[in-house]
Amino acid sequence: MDLSLSSDQRTILDALDAMLRPWESAPIHDAPLFASDDALEAALAEAGFLQVTADPDLGTVTAALVIERLARLPYAVEAAASALIGPLLGDDPAGPICLVDTRQWRRPVRYLRENARVVVLEDAGVSAFTASAGQFRAEPKALFAYPVASLHELPDALEPLPIDPAQLRARWQVGLAAECAGLLAGALASTAAHVSDRQQFGRPLATFQAIRHRLAEAHVRINGAYWLAMSAAAGCDPGQAALAALHAAETARMCTYDFHQFLGAMGMTLEHPLHLWTYRLKLLAGELGGAAGHARSAADALWGPAEG
Amino acid sequence: MNFEWTEEQNAFRQRLRDFIARNVPEDWERFAEHGPGSPALTEFAREFCGTLAEDDLLTPHWPVEIGGLGLDPWHQTILAEEMWSAGEPRGGQYMNVNWIGPTLMKYGSEEHKARYLPGITSGQALWCQGFSEPGSGSDLASLRTRAEPVGESYRINGQKVWTSYAGLAETCFLLCRTGEDRKRGISILLVPMDTPGITVREIPSIIGRGDIHEVFFDDVEVPLSARLGEEGQAWEIIAYSLTNERLGIPRYALARAALERAVSILSERGDFADDAVRIAAAQVASLCEAARLANYALIDRRAKGETVGAEASSARFATIMAERRVAEFVAEQLPEALAGTHPFLKMHHQRGIVAGIAAGAAEIQLNIVASDVLQLPREPR
Ligand SMILES: Cc1cc2nc3c(=O)[nH]c(=O)nc-3n(C[C@H](O)[C@H](O)[C@H](O)COP(=O)(O)OP(=O)(O)OC[C@H]3O[C@@H](n4cnc5c(N)ncnc54)[C@H](O)[C@@H]3O)c2cc1C
C-alpha cells in the first residue's frame, strides 16, 4: 500500500499541468454547449500522455490520473477511451475512440465523427467499426457538454475483436470513474468559488450551513470517487471497477443538482461555465446502465450472478 | 500509487485472524451482543487483551521503549480492522491503545507513565473519557465541571454524561474548567474512579447494557500531580487525542463485514436473486469501499510522517455514510437480525448507529470540512 504518486507519476502530472495552462480557464461561448479545441487534442496526442498505459512502469493508474486531471478542465477532450481501451485494440486509430453499449446504442455517443473507431460492447463479445458519414447524425444542439452524435442504427458489419467483454466493461467503468472524479472536482471548485464570492443578506452564501454542508458532503463523496477510481485502475478488476463507476454515477447525480442550485439563475445561463463540467457528468452518469447498471455488474462480480 | 499489501502485512493480518480464531469463545457472537462496556465483555477483554499482550499484538504500533514493536500506522490499521470486524473483543480497551496510551506518552509526567502505562500495555486497565456534560456535547468548550486548586489538591465539582465504560473503569480522563477562558481555561485530570465523591449511574441505551453512564463529582479531591500537561492545555492535547481516536476506529471494516454477512445469509436462503436487493447491496458496498480508501489515503500520509488535519473529518464522514447504509440495509432486508436471530448483525447495528454522534457529530465533521478543507468563509458566530 503506497498511495502517494510515484516520482514518474508526479513528473507526468507536472508536465501535463504545464501543458494545460492555456486551457485552464473557461472560454466565453454560446452554442454549442461544449468547449473543445483542436489545438488541445493535438498537443495531447503529440506529448504522448494518452500512451502511458502501454508503459509497464506507468500503467493504468497513471492513465486514470491523466484522465482525472484532464476532466478538471472546462474543455472536453477524448482521453479515457484512448488511454485505457486503445491499448487493447492492437492498432493505432487515427481518430478518437468511441464506446457503444449495444443495449443502449441510441444514446448520444461522445466524440463520434467520421473515421472514429467505435468499439461495441455486447455480453457475447466485443467488436468494432470505423465510422463513416452515413452512419450517424451529429447533434450540435444536444444539451451535453461533449461533442456527440447519434447512430442511425447499429451497423451489420462489425469486426470481432479478441477482447474479453468483462475486461472492456471494467476499463470503460474505470475511465468513467476517473473522468467523473475530475469533472466533479472541477465543478465543486467552480461552485465553491462562486458561493464564497457571492453575497446575499450581507454575507457570502458559503457562510450558510445549508450550503456549506452539502458542499462538504460533495467533497467527501468526490474524494471517495477519486480513490475508488484509482484503486479500480490498479487492477482493472471488474468488481472494483463497477463499484467505482457506481459511486461516481451516484455522486454525479447528487452533486449536479446541488451545484446548479447554489448558483441560482447564473447556473442556468451561460454567464457561468459550471455546465461545462456538469453537462458532461449528466451524460456519463447514464452510461452502461447508469448507477443501477454498475450496481448489477458489481453484485455479479462480488457475489456471483443471481441464481433462481 | 500501489494498492497491494506487502507479504509481511498479509502475514500480520493472518496472524491476527488466527489469534482471534483461537482466543474468542465458540459463542462469541452471542457474547458480543452485550454492550462493549458490559461486565461480561469487560471481563472477557481483560483475558483477551492479556493474551494479545503476551503475543505482542496489543500495542505493536507503540514505540519500543514503552512496550511496543514500533510498527507503522498500516499495522495499527490492520490490527484495528481485524478487531473491529470481529466485533471488537478488546471491549473498552481499544481506547487505551488508540489514544489514551499515546496521549500519556506524549504529554504525561514520568509519574503518570510509570503508574498508568503498564496496566495499558498488559491489557488490564480500563479507562473512561469524561468529556461530555448535560449542557456541553458538540459545544464541548462550554463545559462547566470545575476543578479548584486547594492546597496541594484539586477539588472537583460537576457532572459528566454519556460516559462509556464508567461503571467499571478504574481511571477517568477528565476535562475540567480551571479558568474562565473558553478553551484555554480547560485542563485534564487523571482521576481514579474510586476517589470518594464520585457517583456513577448507568443510562440504558440502544447500544447495549453497561455502556453509557452519568458521572457526578461532589468535592472530589485529587493531587495537583493528577493533571496531564499544563493548566489550560487540555484543548491542544485532546486535538491530538481525537485525531488518533478518529483514525483508530475502522468502522468501515465492521460495516463491510456486516454487509458480507447479510449477503451470505440472504444468498443461503435464496433471497439474493432479487435485482432490487442486489443493487442495494452493491450501493452499500461502494460506500464501504469509498470510506476504506478515504481512510487509507490518510493512513498513508501518517505512515510517511505527515500530520493529517481536517481531512480526518472528511474520511470520518465517509465512514458515517457507509455505516448508516449498512445499518439500513440490514434493517430493511433482514429485520429479524435486529430481533436477535443474527447477533453479529444486531451488534453491528447497535454500534453503527453511533458513528454520526460519538467523537464529534456528523454535522461537526461537515463544518470542519467546509472551513478547513474547502476553505469556505466561516459561519458567523
Ligand atoms: C455511544 C456513545 C458513546 C459516548 N461515549 C462518550 C464518552 O465516553 N465520553 C464522553 O465524554 N462523551 C461520550 N459520548 C457523547 C458524545 O461525545 C456526544 O454525544 C457528542 O459530542 C454530541 O453531543 P450531544 O449528544 O450533546 O449532541 P448536541 O451537541 O446536542 O447535538 C445534537 C445534534 O445537533 C446537531 N448539531 C450540533 N452542533 C451543530 C452545529 N454546530 N452545526 C450543525 N449541527 C449541529 C448534530 O446533528 C448533533 O448530532 C458518547 C455518545 C454516544 C452516542
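The values are calculated or read from the model by the stated rules, or taken from the named source; none is laboratory data. Just so it is clear, the structure is predicted and the values come from calculations on it, not from any experiment. Note that we place each Cβ from the backbone using ideal geometry, even for glycine, and neighbour counts take in every protein chain shown. SASA here: full protein model, heavy atoms, side chains in, ligands and nucleic acids out. Shrake-Rupley method; radii C 1.70, N 1.55, O 1.52, S 1.80 Å.
Computed values, structure above
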read-out: Cβ charges +1 (Lys, Arg) and -1 (Asp, Glu), total dipole of chain B, debye; value: 620 debye
read-out: Point-to-point label distance, B:E336-B:T195, nm (Cα→Cβ direction, 7 Å offset); value: 5.2 nm
read-out: Cα centroid separation, region B:78-132 to region B:266-344 (Å); value: 26 Å
read-out: Residue-normalised accessible area of region B:128-233, expressed per residue, 1.4 Å probe, Å²; value: 45 Å²
read-out: Helix-only CD estimate at 222 nm, as mean residue ellipticity for chain A, using -39500 (n - 2.57) per DSSP H run (n ≥ 4); value: -16500 deg cm²/dmol
read-out: At R0 = 22 Å, FRET efficiency that the Cβ-Cβ distance of B:N157 and B:I203 yields, to 0.05; value: 0.60
read-out: Which of B:M105, A:M268 is most accessible, then next, and so on - probe 1.4 Å; value: A:M268, B:M105
read-out: Positive-end extreme of charge dipole, region A:2-57 - chosen from A:W23, A:L44, A:T11 (charges on Cβ); value: A:W23
read-out: Residues of region B:1-106: accessible area per residue with a 1.4 Å probe, Å²; value: 41 Å²
read-out: Cβ-based net charge around B:S286, under 12 Å, with every Lys or Arg adding one and every Asp or Glu removing one; value: +2
read-out: Accessible surface of region B:128-233 [probe 1.4 Å, protein heavy atoms]: carbon and sulfur percent; value: 48 percent
read-out: Full-extension gain in nm, A:A15 to A:D57, via 0.36 nm per residue minus C-alpha separation; value: 13.4 nm
read-out: Amide proton proximity set for B:V161, modelled H, under 5 Å, gap of 5+; value: B:S132, B:E133, B:V215
read-out: Area accessible to solvent at A:C255, 1.4 Å probe radius, in Å²; value: 10 Å²
read-out: Buried area at the A-B interface (accessible, heavy atoms, 1.4 Å probe, summed, Å²); value: 4200 Å²
read-out: Alpha carbon convex hull of region B:250-373, projected area averaged over orientations, nm²; value: 8.0 nm²
read-out: Simple spin-label estimate for A:D30 and A:A265 in nanometres, 7 Å along Cα-Cβ; value: 1.8 nm
read-out: Per residue solvent-accessible surface (Å²) - chain A, probe of 1.4 Å; value: 40 Å²
read-out: Stretch in chain A that is longest and holds no GluC sites (Glu not before Pro) that DSSP places in a loop and that have at most 15 other beta carbons within 10 Å; value: A:154-270
read-out: Delta accessible area of at least 10 Å² on complex formation, residues of region A:227-260, 1.4 Å probe, chain isolated as reference; value: A:W227, A:L228, A:M230, A:S231, A:A234, A:Q240, A:L243, A:L246, A:H247, A:E250
read-out: Complex-versus-alone comparison for region B:317-344, residues with a loss of 50 Å² or more in accessible area, probe 1.4 Å; value: B:M321
read-out: Candidates B:G68, B:G270, B:G210, ranked by Gaussian network fluctuation over chain B, Cα under 10 Å, top entry; value: B:G270
read-out: Cβ-placed point charges (K, R +1; D, E -1), dipole of region B:7-124 about Cα centre in debye, nearest 20; value: 300 debye
read-out: Averaged over A:299-306, number of beta-carbon atoms from partner chains that fall within 10 Å; value: 5
read-out: Positions from region A:57-86 whose accessible area shrinks by 10 Å² or more when the full protein complex is built, not the chain alone, probe 1.4 Å; value: A:V61
read-out: HN-Hα J in Hz across region B:12-25 - Karplus 6.51, -1.76, 1.60, θ = phi - 60°, x for Gly and Pro; value: 4, 5, 4, 4, 5, 4, 4, 4, 5, 4, 6, 10, 9, x
read-out: Portion, in percent, of the accessible area of region A:101-148 that falls on carbon or sulfur, probe 1.4 Å; value: 50 percent
read-out: Net charge of neighbours whose Cβ lies under 14 Å from the Cβ of B:W162, counting Lys and Arg as +1 and Asp and Glu as -1; value: -2
read-out: Dipole moment magnitude, nearest 20 debye, the protein assembly as shown about Cα centre, only Lys, Arg, Asp, Glu C-beta charged; value: 1620 debye
read-out: Accessible-area ranking of A:R212, A:R110, largest first, probe 1.4 Å; value: A:R110, A:R212
read-out: For region B:128-233, the fraction of alpha-carbon pairs in successive 5 Å shells from zero, as %; value: 3, 14, 25, 26, 18, 9, 4, 1, 0
read-out: At most 12 other Cβ within 10 Å, DSSP loop - GluC sites (Glu not before Pro), region B:248-339; value: B:E306
read-out: Positive-pole candidate from B:F217, B:F272, A:Q135, dipole of the protein assembly as shown, charges at beta carbon; value: B:F217
read-out: Kyte-Doolittle mean at least -1.0 and Cα axial length at least 20 Å: DSSP H helices in chain A; value: A:165-197, A:209-235, A:238-263
read-out: Centroid-to-centroid separation of region A:129-192 and region B:184-213 [C-alpha atoms, Å]; value: 59 Å
read-out: Cα centroid of region A:39-88 to Cα centroid of region B:154-179, whole Å; value: 57 Å
